[in-house]
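Accompanying notes for the structure given below.
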Amino acid sequence: MPKVAALQFATGTDIPENLNTCLRMIDSAAAGGAQLMVLPEFCNHISWYRDRERAWKCALDLDGSFLGAIAERARHYRSYILINVSLRRKSPVITVTSLLYGPEGTLLGEADKQSLMGHENDFFVPATRAGGLVETELGKIGFIACRDGISFEPSRRLALAGADILCNSLNSFAFDEASLHVRARAAENRLFMVAANKVGPLVPVSDLQMVSAMTAIPEALLYGAGESQVVGPDGRPVVAGLRGKEEVIFADIPERGERLQLSLGALARRRPLIYQPLEKSAEDPTSVAAEQIGVALVDPQGVGLAAIERAADLVRELPGNIELVLLPAIFPQRDAAKNWSRTAALCREAEARLVEVCRDKGLQVCTSVIQEGENSWQHLGVLLDGTGRRMAQPQLHRCPLGLAPRGRELHTVDLPWGRVAILVGDDGLHPELARMAALDGVHCLLMPLGAETAGMGNKKRNLSLLFSARAAENRVCVAAAAHGAEGGVLATLEREFTLMEPWQERRFDGNINHPLVTPQGGEVTIATLHPCAAANKMISANTHLLRSRAHTSTKRLLLTAEEVV
């Protein structure tokens, strides 16, 4: 089994000292038998400069002594070493670049950071092309850096191109980077991820007080968060480091063949032809959406007519502040494919009863139904109000029920409290659709989930993690209802999250953009969502979650897996 290592340490403003730290940590990883070592971001110099001239002076040359020493360590230990540094290109261009050195001491591949974060835009230039994929005897290694892991596109592109190990070099003080984004990138592609983060101050010690006052971030939280980890394809850490401690985190991962078996089929149901809207410019959600709404997830007991009656009763009994209700997919029937005609008849009955309740209560209900189409049965998400269907959304990907996808585009509809899109059944597993909805100005994603969406055995999915990531990386609310609470969640947004701006409602606690999640439980789960918060997508100065996303990876997502290769 290949042994991988995430090297967790601090760097400062002394470049020779930083090199010595890198070499010392590489020696420790080699002593532990690591064949692949992943170092953090900005290993040559702390990512804080007084001006561009200083940034240029601190950046490295590709053929300089710093990187030459790293290459020599790779040769000496017959290992793979991934390091990230600021790199001089043609003056005055500096890039943030990850470099993979191999057992012969040669540079095997490189990747410039595609999405820059905050003040990085003042000194560095983003990638003009996507890179970061190298075939080795350990496997096909794909690598990204920090902010590129907050966006799903770079990791998705690498997975489509055949990567079976993902690596991430981080320079982050945010706790939600480790707890959410790193793990989601592994889970949505069903790949192992090796992520190495910094510890120690991320700004010069002499500037800590000033930067803390300027950003309203406590000094103690301007340090690298650590928590480097190796994550499995289910999004759960195999091993994780501590906060604030220099250490090497080791893990043995399965051989390539076994890893490929674990990821088999993860990308098979993608439909690149419907993902063309990923290239569009972002439409900011309107700020006139409601500050808050009450939402309920309802999972009625029983099956057939009993489930329909129970659902109607539960919705009627909801408090008066509830404006939206979600039920699981095809909720009256647990074995929908056994008799399509019977299932469709139950769905018609359920829809008629729910429209009556909507009329009486003045709310909307979302679920999914089976109905007969022109040539075959189809699975539709429906949004109901007192007048009937407000919107119908055909499922866009083939579902485990065996029905072919009938939809060709993702629809949205404007409700009195905000704009919504429905991701039907397994459609919520595809980050492409959540991004398309966000680009179209959606405030909330509605997900009626099927019983099969959670997966089985070693393909069991961490739905709460995946849906939390959809909410965070797109800044949208998520309401997902499931049978037996199997992955159902209500995820809302902190109204304040933009760094470098004063916050009135909360103090920075280490989490920049982790959604507030209420897991589904029992027959009724109620929470408050903040649709208006979706209008703000500025994570930091000069950094918009959607407009600053990794565009260089987007075109590849519009190709089939065979075309990407």
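Quick check: anything in segment 495-511 within 27 Å of VAL303 (Cβ to Cβ), in contact with a Leu (Cβ under 7 Å, 6 or more places away or on another chain) and not acidic (Asp, Glu)?
no
Restricting segment 249-278 to residues that are assigned by TED's automatic domain parsing to the domain that holds GLY139 and of a type in the set (Val, Ile, Thr) leaves a set whose member that is surrounded by the fewest Cβ atoms within 10 Å (Cβ to Cβ) is ILE253. Considering each residue of segment 81-93 in turn, none proves to be of a type in the set (S, T, N, Q), under 15 Å from ALA29 (Cβ atoms) and part of a loop (DSSP other than H, G, I, E, B).
Can you spot a residue in segment 123-133 that is in a strand (DSSP E or B) and surrounded by fewer than 24 Cβ atoms within 10 Å (Cβ to Cβ)?
Within segment 123-133, one or more residues are in a strand (DSSP E or B) and surrounded by fewer than 24 Cβ atoms within 10 Å (Cβ to Cβ).
Filtered by the rule that a residue be of a type in the set (A, V, I, L, M), buried (at least 17 other Cβ atoms within 10 Å of the Cβ) and within 20 Å of VAL248 (Cα to Cα), segment 66-109 gives ILE70, ALA71, ALA74, ILE81, LEU82, ILE83, VAL85, LEU99, LEU100.
Scan the strands (runs of 3 or more DSSP E) fully inside segment 223-301 and keep the ones with 1 or more residues being closer than 21 Å to ASN171 by Cβ.
Of the strands (runs of 3 or more DSSP E) lying wholly inside segment 223-301, those with at least 1 residues that are closer than 21 Å to ASN171 by Cβ span 229-231, 237-240, 247-252.
Screening TRP48 against (1) surrounded by fewer than 23 Cβ atoms within 10 Å (Cβ to Cβ); (2) more than 27 Å from LYS140 (Cα to Cα); (3) modelled with pLDDT of 95 or more; (4) among the hydrophobic types (A, V, I, L, M, F, W, C) leaves a single unmet condition, (3). Filtered by the rule that a residue be small (Gly, Ala, Ser), more than 21 Å from LEU383 (Cβ to Cβ) and in contact (Cβ under 8 Å) with a residue 24 or more places away in the chain, segment 452-484 gives ALA454, SER464, SER468, ALA469, ALA472, GLY484.
Among the residues of segment 535-543, are any of a type in the set (Gly, Ala, Ser), in a loop (DSSP other than H, G, I, E, B) and either assigned by TED's automatic domain parsing to the domain that holds GLN364 or over 16 Å from the mean Cα position of the chain (by Cα) (or both)?
The answer is yes; a qualifying residue exists.
Any residue in segment 270-292 that is touching a residue at least 12 places away in the same chain (Cβ under 8 Å), among the aromatic types (Phe, Trp, Tyr) and either under 22 Å from THR367 (Cβ atoms) or touching a Ser or Thr at 6+ places or on another chain (Cβ under 7 Å) (or both)? No. Would you mind telling me which numbered condition in (1) within 29 Å of LEU415 (Cα to Cα); (2) assigned to a helix (DSSP H, G or I) ARG342 fails? All conditions are met except number (1).
Only one entry in VAL420, VAL369 is touching a residue at least 24 places away in the same chain (Cβ under 8 Å) and closer than 23 Å to LEU529 by Cβ, namely VAL420.
In segment 279-307, the qualifying residues are those that are among the β-branched types (Val, Ile, Thr) and surrounded by fewer than 18 Cβ atoms within 10 Å (Cβ to Cβ), and the one that is farthest from HIS443 (Cα to Cα) is VAL303. Only a single item in (1) surrounded by fewer than 23 Cβ atoms within 10 Å (Cβ to Cβ); (2) closer than 26 Å to LEU439 by Cβ; (3) not β-branched (Val, Ile, Thr) is not met by GLY162, and it is number (2).
Condition check for LEU326 on (1) assigned to a helix (DSSP H, G or I); (2) of a type in the set (A, V, I, L, M); (3) farther than 12 Å from GLY388 by Cα: one failure, at (1). Annotation: of all residues in segment 390-417 being assigned to a strand (DSSP E or B) and without any contact (Cβ under 8 Å) to a residue 24 or more places away in the chain, the one that is surrounded by the most Cβ atoms within 10 Å (Cβ to Cβ) is ALA392.
Filter segment 432-475 down to residues that are among the basic types (Lys, Arg) and within 21 Å of ILE512 (Cα to Cα) and give me whichever is surrounded by the most Cβ atoms within 10 Å (Cβ to Cβ). The extreme case among them is ARG470.
The values are calculated or read from the model by the stated rules, or taken from the named source; none is laboratory data. Everything numeric here is computed off the predicted structure, so don't read it as measured data. All Cβ positions, even for glycine, are placed from backbone atoms using ideal geometry, and neighbour counts span all protein chains on display.
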